[in-house]
Amino acid sequence: MILAVDQLEKTYRNGFRAVRDVSFAVEAGEIVALVGESGCGKTTTLKCINRLLEPSGGRVLIETEDAAVLDSVSLRRRIGWVMQGDGLFPHLSVAENVAVTPQLLGWEADRISSRVDDMLELVRLDPLEHRDRRPHQLSGGQRQRVGVARAGGGLQTGADG
Ligand SMILES: Nc1ncnc2c1ncn2[C@@H]1O[C@H](COP(=O)(O)OP(=O)(O)OP(=O)(O)O)[C@@H](O)[C@H]1O
Ligand SMILES: [Mg+2]
């Protein structure tokens with residue numbers, strides 16, 4: 001089991017109860033989709049999983065560890081996240097965007113550079129052509145793919161392992 005969400009609750013500070021009694025588990029290799037109408041609490045649930053929000057109740061287990069007791073910053077570096085909207089840094093190049101997490105993890109420059117190329121190839125963007133572009137020089141779908149490449153950039157289970 002990679003992830004378990006157990007009776008998750010989230011009430012926002014204004015008293016709005018956005019998530020109530022949500023439970024599910026994800027096994028390694030499994031693809032899970034949360035489907036529901038706009039405003040039903042999908043993003044809130046995901047933010048509770050990586051602790052961009054603190055849950056009001058229930059538990060989140062990441063590989064059997066209780067997310068509440070893990071360091072929230074290192075927890076987030078272990079979880080790839082593609083933003084709603086592209087969420088790219090507009091002032092950084094494509095390569096710099098993909099390199100954000102590896103940089104934070106303190107990888108050496110050569111390793112970062114080859115990971116950036118691998119991740120761009122994985123999402124079918126030619127590194128030579130796209131590495132040095134800014135997000136505004138890409139199509140919407142290309143920006144979304146850079147977001148996917150960035151989400152996987154620092155993961156141990158990505159292209160080099
Ligand atoms: N900071 C906040 N304070 C109060 N209520 C909030 C806050 N953020 C979101 N909400 C409300 O919580 C509910 C769930 O929002 P959430 O963003 O989780 O929905 P969603 O399922 O991701 O929707 P969408 O499909 O539109 O992205 C919505 O009704 C929203 O208005
Ligand atoms: Mg959402």
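No value in this document is a laboratory result; all are computed from the given coordinates. All values reported here derive from a predicted model rather than from experimental measurement. Please note: Cβ atoms are built from the backbone with ideal geometry, for glycine as well, and neighbour counts cover all protein chains shown.
What ranking do Met83, Met119 get, fewest neighbouring Cβ atoms within 10 angstrom at the top?
Arranged by neighbour count, lowest to highest, Met83, Met119 become Met83, Met119.
Show that you can apply the helix-only estimate: for the chain, add -39,500 (n - 2.57) for every DSSP H stretch of four or more residues, divide by all residues, and state [θ] at 222 nm to the nearest 500.
Taking each H run of at least 4 residues, the total per residue is -9000 deg cm²/dmol.
Which percent of the Cα-Cα distances in segment 49-91 go past 11 Å?
71
Please report Ile2, Ile112 as a ranked list, fewest other C-beta atoms within 10 angstrom at the top and most at the bottom.
Ordered from fewest to most neighbouring Cβ atoms within 10 Å, Ile2, Ile112 come out as Ile2, Ile112.
Which percent of Cα-Cα pairs in segment 3-78 sits in each 10 Å bin, short to long?
Histogram of Cα-Cα distances, whole percents per bin: 19, 54, 26, 2.
Out of the GluC sites (Glu not before Pro) in segment 82-127, which ones are loop residues according to DSSP with at most 14 other C-beta atoms within 10 Å?
The qualifying sites are Glu108.
Note the direction-averaged projected area, equal to a quarter of the hull surface, for the Cα convex hull of the chain, in nm².
Values: hull surface 41.7 nm².
Mean orientational projected area (the chain, Cα hull): 10.4 nm².
Tell me the trypsin sites (Lys or Arg not before Pro) within segment 1-109 that lie in a loop according to DSSP and have at most 12 other beta-carbon atoms within 10 Å.
Filter output for segment 1-109: Arg13.
I'd like the Karplus ³J(HN,Hα) series for segment 129-140: coefficients 6.51, -1.76, 1.60, θ = phi - 60°, whole numbers in Hz, and an x wherever there's a Gly or Pro.
7, 10, 3, 9, 6, 8, x, 5, 9, 10, 6, x
Compute the relative contact order of segment 3-78 as a whole-number percentage, counting only Cα pairs closer than 8 Å that sit 6 or more residues apart in sequence.
36
Give the Kirkwood hydrodynamic radius (Å, one decimal) of segment 94-153, defined as one over the mean of 1/r across all pairs of different Cα atoms.
11.1
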